[in-house]
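The values are calculated or read from the model by the stated rules, or taken from the named source; none is laboratory data. Everything numeric here is computed off the predicted structure, so don't read it as measured data. Neighbour counts run over all protein chains shown; Cβ positions are idealised from the backbone, glycine included.
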Amino acid sequence: MPLGIGILVFIIDQLVKHLVVSTMHLGQSLPVIKGIFHITYVLNPGAAFGMLEHQRWFFILVALAAVLLGAAFYKKLQQESFLMRSGAGLLLGGAVGNLADRIQSGLVVDFLDFRIWPVFNIADIAICAGAGILIFDIWQRRNEDDICS
């Protein structure tokens with residue numbers, strides 16, 4: 001299941017990014033809800049919020065390490081909870097989506113613009129949601145272990 005979630009996230013992320021790149025000009029912004037939510041085509045040379053700009057190889061290596069860790073623990077992951085498998089799939093799918101951009105051009109295509117937050121993409125959502133789900137699942141298990149002991 002994590003592999004299926006990861007593949008689905010990757011495909012959706014890349015399809016939407018392709019749509020944005022092929023139909024918009026860099027910097028163009030289309031209001032969906034004027035002043036609140038726009039589709040804005042930007043290229044991000046860094047990580048979240050533009051941190052560590054132009055560290056292409058660092059991000060490529062980190063994403064590849066995440067993929068290799070996911071592959072190494074794939075069999076063990078199949079025995080984990082639904083939340084753990086889902087979180088891992090989201091995290092890996094998002095990491096591979098942004099990895100594809102970095103390998104291709106060194107820049108990540110971002111387009112979701114809520115005007116009060118830096119512009120981001122579907123892969124970013126998957127990474128954050130996946131990490132949050134993993135943290136929640138680990139926290140929940142820890143609390144269950146504390147209750148049972």
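Checking T40 against (1) more than 24 Å from G4 (Cβ to Cβ); (2) assigned to a helix (DSSP H, G or I), only one condition comes out false. Which one?
(2)
Considering only region 55-75, state which residues are over 18 Å from the mean Cα position of the chain (by Cα) and surrounded by fewer than 12 Cβ atoms within 10 Å (Cβ to Cβ).
A72, K75
Output the helices (runs of 4 or more DSSP H) that fall wholly within region 48-149 and possess 3 or more residues being modelled with pLDDT under 90 and of a type in the set (D, E, K, R), or say none.
122-148
Tell me the residue from L30, L52 that is loosely packed, with under 15 Cβ neighbours inside 10 Å and either of a type in the set (S, T, N, Q) or on the phi < 0 side of the Ramachandran plot (or both), please.
Selected residue: L30, the only one of L30, L52 that is loosely packed, with under 15 Cβ neighbours inside 10 Å and either of a type in the set (S, T, N, Q) or on the phi < 0 side of the Ramachandran plot (or both).
Listed here are the residues, each with its yes/no results for (1) over 13 Å from Q14 (Cα atoms); (2) charged (D, E, K, R); (3) out of contact with any Pro (no Cβ under 7 Å at 6 or more places or on another chain).
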{"residue": "A88", "(1), (2), (3)": "yes, no, no"}
{"residue": "G93", "(1), (2), (3)": "no, no, yes"}
{"residue": "F111", "(1), (2), (3)": "no, no, yes"}
{"residue": "N121", "(1), (2), (3)": "no, no, yes"}
{"residue": "R141", "(1), (2), (3)": "yes, yes, yes"}
